[in-house]
Amino acid sequence: MTSLTAKYYDLEPHHHPEGASTGLGFWIYLMSDCLMFAVLFAVYGVLGNSYAAGPGPKDLFDLELVAINTGLLLFSSITFGFAMLAAQKGNKAGTLRWLWVTLGFGLAFLAVELYEFHHLIELGAGPWRSAFLSSFFALVGTHGLHVAFGSLWLIVLAVQIAQKGLIPANLRRMTCLSMFWHFLDVVWIGVFTFVYLIKMI
Amino acid sequence: MEHHSHQDHGSVRSYVTGFVLSVILTAIPFAIVMQGGLGSPVVTALVVLGFAVVQILVHMVYFLHMTAKSEAGWTLLATIFTVVVVVIMLAGSLWVMYHMNANMMPQMQME
């Protein structure tokens, strides 16, 4: 009997080393996050022309500000890459240095975005003004919220690395955060193209 | 048993290449739109979208280090599935909602 079952079933549970599937699992989370962003993009695509006799993109958007934000995120992507390379070499001080630089760019991005939101709301163009602005704030705000939580995660990870060093668990966390961070930059490409540039043509 | 998925984290060169390409692929569409477009709005929009698609691919290759082999192909498979769903969802929503809007009776369009 046992020999028969053994043919069809794995009687010995085979062991995966700890964290072996974390990378793929995290990637699948990112893909589900991608679907959520796609829904928000679709909403913006559908409602993006419903101004309710209120201000439109050309009255509100400042492309220079968007270009600055794009640059900040791009710089943060490459500095995170350098942090990964330093971590691979086992260079703890270098890893931490690049992580703090990345955090700086992330926070600068958030500061510019908050300034933009504040400016729009002061103009009376808050999310309540029109369907266009509701969908704009929902999409761009969700991206900003991701960057905010990514920054929080960055701080936590930097503290963990400072305390425990570049142990395997920390390297795994760093790989996940790097995927998260680069993914946010990819979503931002969609945002600056679809939300800002296309509407300013 | 092959449990080790040797993740490629790239090199300084690959990150710098990705960065330079991204800067170029960002600067051109921004410049086009800020200079007032390429004459026809549809052509401008398509060109800008094209740059975005290329830049997304650049990010995936140089920053996310995606290859067909990472995690025995499951990463790529999950990504392809997501892209298919996203395309159906985006194109379908825009298409359906555009026609709903166009077919609305005039008196329903009152602001």
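The values are calculated or read from the model by the stated rules, or taken from the named source; none is laboratory data. Computed from a predicted structure; not experimentally measured. Quick reminder, even Gly has a Cβ in these numbers, built from the backbone with ideal geometry, and neighbours come from all protein chains shown. For the accessible areas, the whole protein counts, side chains as well, though only heavy atoms, and no ligand, DNA or RNA atoms are used. Shrake-Rupley method; radii C 1.70, N 1.55, O 1.52, S 1.80 Å.
So the values come out like this:
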| read-out | value |
| --- | --- |
| Selected residue (criterion: least open to solvent (accessible area, probe 1.4 Å)) from residues of the range A:99-135 that are within 22 Å of the chain's Cα centre (by Cα) and aromatic (Phe, Trp, Tyr) | A:Phe109 |
| Residue satisfying condition, being hydrophobic (A, V, I, L, M, F, W, C), free of Cβ contacts under 8 Å to residues at least 24 places away in the same chain and under 23 Å from B:Thr82 (Cβ atoms), within set A:Leu184, A:Leu152, A:Leu177, A:Leu145 | A:Leu145 |
| A:Leu35, sole failed condition from (1) part of a helix (DSSP H, G or I); (2) more than 24 Å from the chain's Cα centre (by Cα) | (2) |
| Given (1) open to solvent by less than 60 Å² (accessible area, probe 1.4 Å); (2) outside any helix (DSSP H, G or I), index of the condition A:His15 fails | (1) |
| From the options B:Val12, B:Val16, B:Val84, residue that is open to solvent by 30 Å² or more (accessible area, probe 1.4 Å) and closer than 20 Å to A:Thr70 by Cα | B:Val16 |
| Residues (under 30 Å from B:Ser93 (Cβ atoms) and surrounded by 15 or more Cβ atoms within 10 Å (Cβ to Cβ)) located in the range A:18-34 | A:Leu24, A:Phe26, A:Trp27, A:Ile28, A:Leu30, A:Met31, A:Asp33, A:Cys34 |
| Residue among A:Thr193, A:Thr95 that alone is free of Cβ contacts under 8 Å to residues at least 60 places away in the same chain, within 13 Å of another protein chain (Cβ to nearest Cβ) and out of contact with any Ser or Thr (no Cβ under 8 Å at 6 or more places or on another chain) | A:Thr193 |
| Subset tally (residues that are more than 7 Å from chain A (Cβ to nearest Cβ) and either closer than 17 Å to A:Asp185 by Cα or open to solvent by less than 30 Å² (accessible area, probe 1.4 Å) (or both)) for the range B:61-74 | 6 |
| Members of the range A:35-78 found to be within 19 Å of B:Tyr98 (Cα to Cα), among the small types (Gly, Ala, Ser) and open to solvent by 30 Å² or more (accessible area, probe 1.4 Å), listed by number | A:Ser50, A:Ala52 |
